[in-house]
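Everything below concerns the one structure shown next.
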Amino acid sequence: MNFGLSTIGQVTLTISNIEKAKSFYSDKLGLRLFFQFGNLAFYDCGGVRLMLSTPEAAVPENSRSTIYFRVADINYAYETLSSRGVKFVGAPHLIAKMDDHDLWMAFFNDPDNNSLALMCEAPKGYKPE
């Protein structure tokens, strides 16, 4: 049982208005805006990304924030955690093709239904086996 999650790569906070949130986090807190995509704003917090997002329809209160654990091999992490009884919402899937990597994620919940995820910034063209 050597494998264990340890590095948080991203945390999501649900906000009501992206422009008000950006004003607060950028202007008042002084966080550096990494990039914005629609109603999503990403900040660099010392190597951990903070994602601000307006809520999706019908998202339960305890699932409005998500902690994303960074893993080097998402398939290995998925298989290992599944073998320990972790129930995933779905298999690892491609989220976005970035300039220098592909972003893969797999979502699961803790016993209180809090949203958690594996995230893998994989080399371009990565395909989990």
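The values are calculated or read from the model by the stated rules, or taken from the named source; none is laboratory data. Worth saying up front: this structure is predicted, and the values here are computed from it rather than measured. Ideal geometry is used to build each Cβ from the backbone, glycine not excepted, and the neighbour counts take in all protein chains shown.
List of remarks:
- Residue match in segment 53-65 (condition: of a type in the set (A, V, I, L, M) and at pLDDT 90 or above): no
- Members of segment 105-120 that are at pLDDT 90 or above and in contact with a Leu (Cβ under 6 Å, 6 or more places away or on another chain): ALA106
- Segment 110-129, subset within 11 Å of the chain's Cα centre (by Cα) and hydrophobic (A, V, I, L, M, F, W, C), residue surrounded by the fewest Cβ atoms within 10 Å (Cβ to Cβ): LEU116
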